[in-house]
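Notes follow once the structure below has been shown.
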């Protein structure tokens, strides 16, 4: 405890003028005690009271434990500390997260479409057709008409049918074409019976993969 400075109000007065110079009697008069200068000691249990944890408006509670802080971060009520000099990364918008997935889907769809188109383009094509009728003898029973399909050398199947000038038509027929084969022959067997003369025409119709038509005529005669 520091010693209070000397009060200028202290007054010194001699009490006995008869006394000798070597024995100065001094009468000291002190002023009333200043209540502000009085030191009040805390009660014995004050320090224990200061260590108590109190809760309420404006009163801080106990320090958070690591477990409580981790729980708060998980619940979103506590923001994790970011070290100095490190910038926290904001979450990307949802459309940016989905953009990569959408791009992958679009790429797959485009690849499938292009693959299907390339398969279609690279398939067999019929470039043309030709029909030839033979010389028909008198009273011939069967006339064989030959058709030749000219293709581009790719493998595939040609769908076709024969149509006759008497109004009949065959069912849809199929001709397999191998790789590097550029011509294929198909035939029509037209049967006749009886006497008389008839001009006949046989028509070859290619239905797939391309639409091609060719025809040839001959005369049947029997007397």
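For the peptides 123-134, 104-115, the ranking by mean Cβ contacts within 10 Å, running from highest to lowest, is 123-134, 104-115. Extension gain, residue 112 to residue 191, is 23.5 nm, computed as 0.36 nm per intervening residue step minus the present C-alpha separation. Overall shape of the range 134-223 was characterised from the C-alpha gyration tensor. The equivalent ellipsoid obtained from it has semi-axes of 29, 13, 10 Å, in decreasing order.
May I ask you to work out the translational diffusion coefficient for the range 170-223 at 4 °C, viscosity 1.567 mPa s, via Stokes-Einstein with Rh from the Kirkwood sum over Cα pairs, reported in whole µm²/s? So the translational diffusion coefficient is about 93 µm²/s.
Computed from the coordinates by the stated procedures, all read-outs in this text should not be read as laboratory data. Please read all numbers here as calculations on a predicted model, not as lab measurements. Every residue, glycine among them, receives a Cβ derived from its backbone with ideal geometry; neighbour counts consider all protein chains shown.
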